[in-house]
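What follows is a set of notes on a single structure, which appears directly below.
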Amino acid sequence: MALDRKLDTASLIALFSIFLGWFFIDTLAVTLGSLRHGVKFVDLPVVIIEPARMFLGIDRTMRTYLFGTLCLLCLLLPWSVYLRTDRWVWFAHAAPLTLMLVCAVLLYAKTAGEFLPAPSDPNSLGGNLVRLTNGLVHRGGGVVARHIVVGVGGYLAFLGSVVLALAGLRGYLRQKPHAT
């Protein structure tokens, strides 16, 4: 029985939903009073490098365009099932999910860490000042974090990337390994 090496309907819908979620619908939403600001997934590297940009707005830079190109490449990778017959090519379906998870971990690491690095002598006046500053930032960060939510684009793209990754896993498991 020959394996049907094409993208199924669920994979095509998943790719389309990821595309919409990454490029056209807000992944993160910030609401402070009447101010509402959204951040698309394609703009996430700017927020990872400078989290305050989430509140101030995103400037399009070369970094943003390079990340947008990486996003498009991740969306094109599942189409490689048409080009290659190797079994491992099905793992390309996990590229969007992997990219989203890496970005989430980087954003969490950037925002959860210490605001100022600890000095070499923690008992000095400078060490006490750094601890006080880090404590204030973390307490204030809890207030700010309540105003940041995952937007519709984040949920749509994540759901689509999980569906796509599962379709790739299903394709990998259905394909018989080549005899050597």
* Take peptides 90-96, 102-108, 45-51 and line them up by average Cβ neighbours within 10 Å, highest first, as a rough protection proxy. => 90-96, 45-51, 102-108
* **Karplus (6.51, -1.76, 1.60) ³J(HN,Hα), θ = phi - 60°, over the range 32-49, in Hz, Gly and Pro reported as x** => 10, x, 8, 7, 10, 9, x, 10, 7, 4, 5, 8, 4, x, 5, 6, 5, 6
* Thr111 to Leu76: FRET efficiency via 1/(1 + (r/R0)^6), r the Cβ-Cβ distance, R0 35 Å, to the nearest 0.05? -> 0.70
* What does the convex hull of the alpha-carbon atoms of the range 5-85 project to on average, in nm²? -> 6.6
* Mind ranking 75-82, 64-71 by how tightly packed they are, going by the mean number of other C-beta atoms within 10 angstrom, highest first? => 75-82, 64-71
* Asked: Which ³J(HN,Hα) values in Hz, rounded to whole numbers, follow from the phi angles of the range 50-57 under the Karplus curve 6.51 cos²θ - 1.76 cosθ + 1.60, where θ = phi - 60° and Gly and Pro get x?
  -> 9, x, 5, 4, 4, 9, 9, x
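Rule-based calculations on the coordinates, nothing more; no lab input. The structure presented is a predicted model; accordingly, all values stated were derived computationally and were not measured. Note that each Cβ is placed from the backbone with ideal geometry, even for glycine, and that neighbours are counted across all protein chains shown.
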